[in-house]
Amino acid sequence: MILDLHTHSVKSDDGRAKVPNYCRWIRTRELPVDGFVLTEHRQFDRESDYAGLARKHGLTILKGSEVETEYGHVLIFGVTEALTRAFDFADINLPLARVIEESERHGAVPVPCHPGRKRVGMFAHIDEYGVPEGVRIVEIHNGGSRGREDDLAQRMTRELGYLGIGGSDAHIVSHIGRCATRFPAGVTSAAELAEALRAEEFEALRLSPRPGPPSPDTGGAGT
């Protein structure tokens, strides 16, 4: 099963994609993905129900989150109600150690995303804060990466012995499915996704060419 593990809808402050449009794009373009995870910025979207949409298009649609720490942005998979009460997802200065500790306590899996990116990537902060404890998986293929951001992510991942996932980091419809992650079995729920990641049997995929050179101001779009 192939899932795009990093997408944003209009629920995110910088997202411009509606979830039905993601589904139609995947099907009309015949993209080789079986579903996607909505990782909205600084929140967990409790209210949206995509079950009917998923059935209509024959796709798996799951929800996670993207939070902000002193080491940059972190995806969280397998978010539970109890986890949303463990810390404030809207806090832009969350300690990474706490995010990892609480995620693991509540059965979720934290994954630093676009770790090779300036400011918002984990590897940009290692010189200042050191190598964080408890990280097991990072995002090594990100559809919004520019320049050598993913190269740095992959090199550091090898050096530190991490595992890698892929996600498009889509904020607009046409960017979905640029990167994804292949699992050996079906994944139908957020809990199953967390279990599949803990099983450590997955493969990060880049499904489309990298975008162009980085913006001098942002160091790469799609954060």
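Side notes on the structure shown:
- Helix content alone sets the calculated 222 nm mean residue ellipticity of the chain: runs of n ≥ 4 DSSP H residues at -39500 (n - 2.57) each, divided across all residues, give -7000 deg cm²/dmol.
- Percent accessible area from carbon and sulfur atoms, the chain, protein chains only, probe 1.4 Å: 49
- Count Lys and Arg as plus one, Asp and Glu as minus one, and take only other residues whose Cβ is under 9 Å from that of His141; the net charge is then 0.
- For Gly72, no residue whose modelled amide H falls within less than 5 Å of its own remains once neighbours fewer than 5 places apart on the same chain are excluded.
- Placing +1 on the Cβ of every Lys and Arg and -1 on the Cβ of every Asp and Glu, with no other charges, gives the stretch 103-179 a dipole of roughly 180 debye about its Cα centre.
- Toward the positive end of the charge dipole of the chain, with +1 on the Cβ of Lys and Arg and -1 on the Cβ of Asp and Glu, the farthest Cα among Met122, Gly52, His141 is that of Gly52.
- Our analysis of the stretch 10-129 gives Rg over Rh at 1.01, with the two radii drawn from alpha carbon positions and Rh computed by the Kirkwood formula.
- What you get for the stretch 25-156, charging only the Cβ of Lys and Arg (+1) and of Asp and Glu (-1), is a dipole of about 480 debye around the Cα centre.
- The stretch 55-96 and the stretch 114-130 have Cα centres lying 19 Å from one another.
- Extension gain (nm, one decimal) between Thr84 and Val131, 0.36 nm per residue minus Cα-Cα: 14.3 nm
- Of the beta bridges in the chain, as assigned by DSSP with both residues counted there, near 45 percent are antiparallel.
- Dividing the Cα radius of gyration of the stretch 2-206 by 2.2 N^0.38 Å, with N the residue count, gives 0.93.
- Point-charge dipole on Cβ atoms (K/R +1, D/E -1) for the chain, about Cα centre, debye to 20: 880
- Cα gyration tensor shape for the stretch 128-188, rounded if a/c is under 1.5, else prolate or oblate: oblate
- Annotation for the stretch 96-133: trypsin sites (Lys or Arg not before Pro) lying in DSSP loop with at most 12 further Cβ atoms inside 10 Å of their Cβ are Arg119.
- Fraction of beta bridges assigned by DSSP in the stretch 1-107 that are antiparallel (%, nearest 5): 30
The values are calculated or read from the model by the stated rules, or taken from the named source; none is laboratory data. None of the values given here were measured: they were computed from a predicted structure. Virtual Cβ from ideal backbone geometry, glycine too; neighbours counted across all protein chains shown. Please note that ligands, DNA and RNA were not included when accessible areas were found on the heavy atoms of the full protein model with its side chains. Shrake-Rupley method; radii C 1.70, N 1.55, O 1.52, S 1.80 Å.
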